[in-house]
Amino acid sequence: MFNNDVKRKLREHTAELHVLHQLLGRIDQDMLTVQVDGNFTISAANQGFAKALGYTPDRLSGFPLSSIAAFDSKGMPWFHGLKTTLLRFESMTNEYHFIRADNTIACLKLFWFPVQAENGGLSHIQCYGHDVTKSAESAAENEALIDALFRSTAVIQFNLDGTVITANQQFLQAMGYTLAQVANRSHRMFCHAGDAESPQYTAFWKKLNQGEYVEGRFRRMDSRGKEIWLQATYNPVHDSAGRLYKVVKFASVVTRQVARETEVREAAVVAYNISRQTDVSAERGASVVQQTVHTMDNIAQQVQSAKCNQPLKVLARSANNLC
């Protein structure tokens, strides 16, 4: 009976061990793994971890973790904080930067946890993770682009009902408001009353709520009631689940440009009218000239006719005298 219990437990433990071996095998195959001792020296690394840093597993073995740890923005190696946490037998997860063999930087999303020995001390520290360098670089680039855009462009964000969420300093300066004056207010506050009550305005927000991008030149009013023209894009924004939840507007003030264009357009109209008047005057002048020429021709013909008839009249008088 005792032997049967032992055999049963042995079978159970063997089955559990088999499952654990499969699990560890899959983890080692699909994830980056590295093991360090209490001095934070690498004792083992799988092919994935070594490849992410441009090494072989054998080459990494014996490396102090500090030798491949990149420095964070504060100028202190991140592994100091990591070491303090893990030696308290607390697990830790984050994105960490390492120096590759070619001196470029790798970003790894890692989960660290300390393994306790039978005597209660630290056996080793096990780590699992993924290489997220490409996504981290892409995120950093996108963040830099967004920061540059926010620094150089007037930006305001709206809820889908048109109420203001926030606005950057460029927008607030252009419109003459503070953030407190516009937050939670309707977009209509920036519009002419006639524009805000128009069917086009209703269609405008309907389009945005359907997730459609809107671009154009828009007439707006600043805090003093002065007309401001903005060249702007209204961009519907979706969350990670694909749900539309806000609208971000990027704008540039083009009031002066619009004024210049208006002046040029008005000058063109004036020039056109003058040209038309000149054409009419020219047509009238040509008509007068033609009439004058026609009159002169008639006079010339009459004079010529009179000259031709004069000898005939003299001969007629002579004939009468003879009679």
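Within region 166-187, the only residue that satisfies the criterion of being of a type outside the set (A, V, I, L, M, F, W, C), in a helix (DSSP H, G or I), surrounded by 15 or more Cβ atoms within 10 Å (Cβ to Cβ) and over 18 Å from the mean Cα position of the chain (by Cα) is H187.
For region 208-225, the set of residues classified as in a loop (DSSP other than H, G, I, E, B) and either free of Cβ contacts under 8 Å to residues at least 40 places away in the same chain or under 19 Å from the mean Cα position of the chain (by Cα) (or both) consists of Q210, G211, E212, Y213, G225, listed by residue number.
For (1) over 57 Å from the mean Cα position of the chain (by Cα); (2) among the small types (G, A, S); (3) modelled with pLDDT under 70, each residue gets a yes or a no:
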position: D5; (1), (2), (3): yes, no, no
position: K9; (1), (2), (3): yes, no, no
position: H13; (1), (2), (3): yes, no, yes
position: H21; (1), (2), (3): no, no, yes
position: L24; (1), (2), (3): no, no, yes
position: S43; (1), (2), (3): no, yes, no
position: Q47; (1), (2), (3): no, no, no
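Got at least one residue in region 230-242 being assigned by TED's automatic domain parsing to the domain that holds S186, among the polar types (S, T, N, Q) and not in a strand (DSSP E or B)? Looking for residues that are assigned by TED's automatic domain parsing to the domain that holds S186, among the polar types (S, T, N, Q) and not in a strand (DSSP E or B), one finds at least one in region 230-242, hence yes. Residues that are touching a helix residue (DSSP H, G or I) at 6+ places or on another chain (Cβ under 7 Å) and either within 12 Å of D131 (Cβ to Cβ) or aromatic (F, W, Y) (or both) were ranked within region 35-52; the one that is surrounded by the most Cβ atoms within 10 Å (Cβ to Cβ) is A50. Given T56, T104, which one is farther than 19 Å from V132 by Cβ and either in contact (Cβ under 8 Å) with a residue 40 or more places away in the chain or not small (G, A, S) (or both)? Of the residues listed, the single one that is farther than 19 Å from V132 by Cβ and either in contact (Cβ under 8 Å) with a residue 40 or more places away in the chain or not small (G, A, S) (or both) is T56.
For T93, the test of being touching a strand residue (DSSP E or B) at 6+ places or on another chain (Cβ under 8 Å) and assigned to a helix (DSSP H, G or I) is failed.
Residues in region 143-162 that are surrounded by 11 or more Cβ atoms within 10 Å (Cβ to Cβ) and either of a type in the set (D, E) or free of Cβ contacts under 8 Å to residues at least 40 places away in the same chain (or both): I146, F150, R151, S152. Set side by side, the residues Q35, Q29 differ, and just one is outside any loop (DSSP other than H, G, I, E, B), of a type outside the set (G, A, S) and out of contact with any strand residue (DSSP E or B) (no Cβ under 8 Å at 6 or more places or on another chain), which is Q29. Report yes if some residue within region 143-165 is within 30 Å of S91 (Cβ to Cβ) and either of a type outside the set (K, R) or part of a loop (DSSP other than H, G, I, E, B) (or both); otherwise report no. Within region 143-165, one or more residues are within 30 Å of S91 (Cβ to Cβ) and either of a type outside the set (K, R) or part of a loop (DSSP other than H, G, I, E, B) (or both). Residues that are surrounded by fewer than 18 Cβ atoms within 10 Å (Cβ to Cβ) and out of contact with any helix residue (DSSP H, G or I) (no Cβ under 7 Å at 6 or more places or on another chain) within region 220-236 comprise R224, G225, K226, E227, Q231, T233, N235, listed in sequence order.
The values are calculated or read from the model by the stated rules, or taken from the named source; none is laboratory data. Keep in mind that this is a model prediction, so the values were computed, not measured. Please note: Cβ atoms are built from the backbone with ideal geometry, for glycine as well, and neighbour counts cover all protein chains shown.
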